[in-house]
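Where a number appears in this text, it was derived from the coordinates with a stated rule and is not lab data. Since the structure is predicted, the reported quantities are computational estimates derived from the model, not experimental observations. Cβ placement follows ideal geometry from the backbone for every residue including glycine, while neighbour counts extend to all protein chains displayed.
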Amino acid sequence: MDDRREKPRLSVNLDAVWDREQARTSARVTDLSEGGCYLDTVGEVRTSEIVAFRVLLPDGDWLYLEGEVRHHRPGIGFGVKFVDLNDEQHQKLLLLLEIANAVGPKASISADLVEE
């Protein structure tokens with residue numbers, strides 16, 4: 001498969017939730033770059049669909065993101081390219097990438113979802 005990513009990706013292990021048709025679905029972000037990420041989830045999406053999701057950061061804060069679905073594997077997950085990041089989202093994303101890069105290519109960062 002041709003790797004068309006514009007930015008290097010890093011291995012992460014972050015809990016996330018995304019909304020689809022009035023339902024909240026859990027996911028796990030398993031790789032991340034400045035341009036997009038991959039969400040492991042059983043939820044169904046369509047290519048080119050815009051999805052909104054929140055990623056739990058290691059400090060317990062949430063990062064809200066939107067992305068265009070670039071590819072998907074039903075029942076397994078999907079990859080998105082981020083769209084319309086504001087300055088705050090971009091800064092949090094860069095900090096998250098800095099943390100992931102600091103732990104090294106073989107390690108992953110993680111944040112565990114705590115139910116409210």
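Results, tabulated for the structure shown:
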| item | result |
| --- | --- |
| Cα-centre dipole for the range 10-100 with unit charges at Cβ (Lys and Arg positive, Asp and Glu negative), debye to 20 | 360 |
| Coarse-grained scattering of the range 13-75 at q = 0.16, 0.19, 0.30 Å⁻¹, given as base-10 log I(q)/I(0) from a Debye sum over alpha-carbon atoms | -0.47, -0.67, -1.71 |
| Karplus-derived 3J(HN,Hα), 6.51/-1.76/1.60, for each residue of the range 37-54, Hz, glycine and proline x | 7, 10, 10, 7, 6, 8, x, 9, 9, 10, 4, 6, 5, 9, 10, 10, 8, 10 |
| Difference of contour (0.36 nm per residue) and Cα-Cα distance, VAL83 to THR47 | 11.5 nm |
| Spin-label model distance (nm) - HIS90 vs GLU66, 7 Å beyond Cα toward Cβ | 1.6 |
| Relative contact order computed over the range 10-100 (Cα-Cα under 8 Å; 6+ residues apart), in percent | 26 |
| Stretch gain in nm, segment ILE99-ASN13, where the contour uses 0.36 nm per residue and the Cα spacing is subtracted | 29.7 nm |
